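**Q** Quick one: the structure is below, questions incoming.
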Amino acid sequence: MPYISVTALSHPGLRREHNEDSLVVGPWTLCGTVTENPQTMAFPLGRPLVVAVADGIGGQPAGEVASSLVVRRLGLFGPALDGEEAVRDALGMCNHAVYAAADRAPELSTMGTTVAGVVILEQELLVFNVGDSRVIEVGPAGNGDGGRAASDDTLHQLSVDDSPALPRGRRTTSIVTQALGGAPTFSAITPHVSTSPLTPGTRMLVCSDGLTDPVLDNEIDDILRAHDGGRAVFELWKAAMSAGGPDNVTIALVSVAG
């Protein structure tokens, strides 16, 4: 029977006092906490399955509140996310919910979060994001890295970063051009949502920028060529810590087995 395997980890990093990232995998949510080791879950292929990471906006209040609010709602909406329009509507409702929560409590004013994820259907993959958390399509593990050409890279980013254009030589920025919440008054969003066919063997990396900012693409690529499942997620986390662990890092590696 075809099934979906999801291995995930969330960690505050080495420089943050607490974790403002949140994660949803189907009905399971992890909010503002730490997993000591990668956790793996398996689901039958069929009903819509949502896997998403929300990264609370740093430097503004209550990022963990915003990110947890969003993933919990996505977990509730998940079984009904059967197409692009349903995903856009759900993200719009999440945006309204973040602003409504901030309106009820002045100490939450301007809280916001990014979000990126996938909804896995029986024959299709829906990819969505708002902000700079990412969804990356990953080639199969076990390819090795000897003698490959530049065009052989395993990674293909499916999400679209909501970030300003960067000057030559700079590869990261903490600025996002849209988010769920994050402003003093309500601001509508235009989510990035796309559909592609689902094939057995597909692997996707869903992560916050606590991984992709400090760790270069070629290092992520090498790790995912060599490893799968819990070992891959652990090695990605270790790479982020070796690069200084400057931010919260949440990683979900999604695999579709035939």
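None of the figures in this text is laboratory data; all of them are computed from the coordinates on show. What you are looking at is a predicted structure, and each value in this text was computed from that prediction instead of being measured. Cβ: placed from backbone, ideal geometry, glycine included. Neighbour counts: every protein chain shown.
**Q** Counting only the backbone N, which residues of the range 82-105 are under 17 Å from the spot 7 Å out from the Cα of HIS18 toward its beta-carbon?
**A** Residues passing the 17 Å test: 102, 105.
**Q** How would you rank PHE43, PHE128, going from fewest to most other Cβ atoms within 10 Å of each one's own Cβ?
**A** On the way: PHE43 17, PHE128 26.
Placing the least packed residue first, the sequence is PHE43, PHE128.
**Q** Among (i) 17.1, 58; (ii) 16.9, 48; (iii) 17.8, 52, only one was calculated for this model; which label is it, if the read-out is Rg and Dmax of the Cα atoms in Å?
**A** (i)
**Q** Not counting the cut sites, what is the longest span of the chain without trypsin sites (Lys or Arg not before Pro) that DSSP labels loop and that have at most 16 other Cβ atoms within 10 Å?
**A** 16-147
**Q** Hey, what number do you get for the chain at 222 nm if only DSSP H runs of n ≥ 4 count, each worth -39500 (n - 2.57), divided across all residues, to the nearest 500? Mind dumping the intermediate values first?
**A** Values: 5 runs with 64 residues, N = 258.
Using -39500 (n - 2.57) per qualifying helix, the result is -8000 deg cm²/dmol.
**Q** For the chain, the longest stretch holding no GluC sites (Glu not before Pro) located in a DSSP loop with at most 16 other Cβ atoms within 10 Å is which?
**A** The reported range is 123-258.
**Q** How large is ³J(HN,Hα) for each residue in the range 196-207, as worked out from phi by the Karplus curve 6.51 cos²θ - 1.76 cosθ + 1.60 (θ = phi - 60°), to whole Hz, x for Gly and Pro?
**A** In residue order, the calculated couplings are 9, x, 9, 10, x, x, 4, 10, 9, 9, 10, 7 Hz.
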